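**Student:** Dropping a structure here in structure tokens format, bear with me for questions.
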Amino acid sequence: MSLASQIESVQPDVYNKLLSEAYFNRIAIFLIRQKRLQSEINAALSGIAGRNGYAGATIEVLFPTLLQPLEDSPGPICTLQQKFIVKTQETINQGAGGTGLSVEQIAVKLAQTFQLFFLGGPLQGFYVAGNFYEYVLFEPEAPFLGVAVTLHATFALTALTRTLGPQPSTTDSGGNVIVTLTDQQPGGGSTIYYTTDGTFPGYGNTNAGNPSGLGTAQLYSTPFSVPSGATIRTAAYNGALQGSMVDTFVVT
């Protein structure tokens, strides 16, 4: 996998992670590539459009930036910077149909969601600095409040191998490996999602959970077959608990 594709894979993972967490259900979330879809963002802030309702709050997930290598690091380790822009239109946001959340509360929840969170592959876990957000100034006539949230992660320039994950033990008649996933939450009750194409395993990356309707994550219910050598990513969700770390493994 090239360095560019490694970096590019982080943004959709972060976006789909937010779509998979119940806390952000009333917030319109945008994946920002080359330019902002300003008309759509303004519509969501004004109550004209929005995800799961017209709540007057948005999060823009910006493209990550690779910073300089860390000093005295053993190997090709760098810092990845991931930014978000959080906006609210207070008349809508604090109204009867709004989220009732301040931009500061949303910023803090973003930090809590990703603090020490492992996405698998080259990204070794996010960390949050004490001054992780700052206020954004808009044009005087713009009725919006906003903050920019900045998180960092240790980023290996070559993918590391994870040894955790279910160990398949049987094959089907076609020689494919039968994979069984296990809920390891005490008391059980978790919902498990998986992908076989390298994308994020969560509700936000399903056809129903992603606004694009082009999700590839599958809800796990019974053992499934994949060719030997396939890469599987898994994650578990359980009620109001934050979703699990992402586990990545290659079946053999």
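What follows is calculated from the coordinates using simple rules that are stated; it is not laboratory data. Small disclaimer: the values here were computed from a predicted structure and weren't measured. When we count neighbours, we look across all protein chains shown, and the Cβ atoms used for this are built from the backbone with ideal geometry, even at glycine.
**Student:** Quick check on the exposure proxy: order Ser221, Ser102 from fewest to most C-beta atoms within 10 angstrom.
**Tutor:** Listing Ser221, Ser102 from fewest to most nearby Cβ atoms yields Ser221, Ser102.
**Student:** Sort Phe118, Phe200, Phe138 so the one with the fewest other Cβ atoms within 10 Å of its own Cβ comes first.
**Tutor:** Ordered from fewest to most neighbouring Cβ atoms within 10 Å, Phe118, Phe200, Phe138 come out as Phe138, Phe118, Phe200.
**Student:** Could you tell me the calculated FRET efficiency between Glu134 and Thr171, based on Cβ-Cβ distance and R0 = 51 angstrom, to the nearest 0.05?
**Tutor:** Taking R0 as 51 Å, the efficiency between Glu134 and Thr171 is 0.40.
**Student:** Fewest first, what order do Arg26, Arg233, Arg33 take by the number of other Cβ atoms within 10 Å?
**Tutor:** Final ranking by Cβ density, sparse to dense: Arg33, Arg26, Arg233.
**Student:** In nm, to one decimal, how far is the Gln94 label point from the Asp183 one, both placed 7 Å along Cα→Cβ?
**Tutor:** 4.1
**Student:** Any chance you could list P(r) for segment 170-250, counting all Cα-Cα pairs in 5 angstrom bins from zero, rounded to whole %?
**Tutor:** 3, 15, 24, 24, 18, 11, 4, 1, 0
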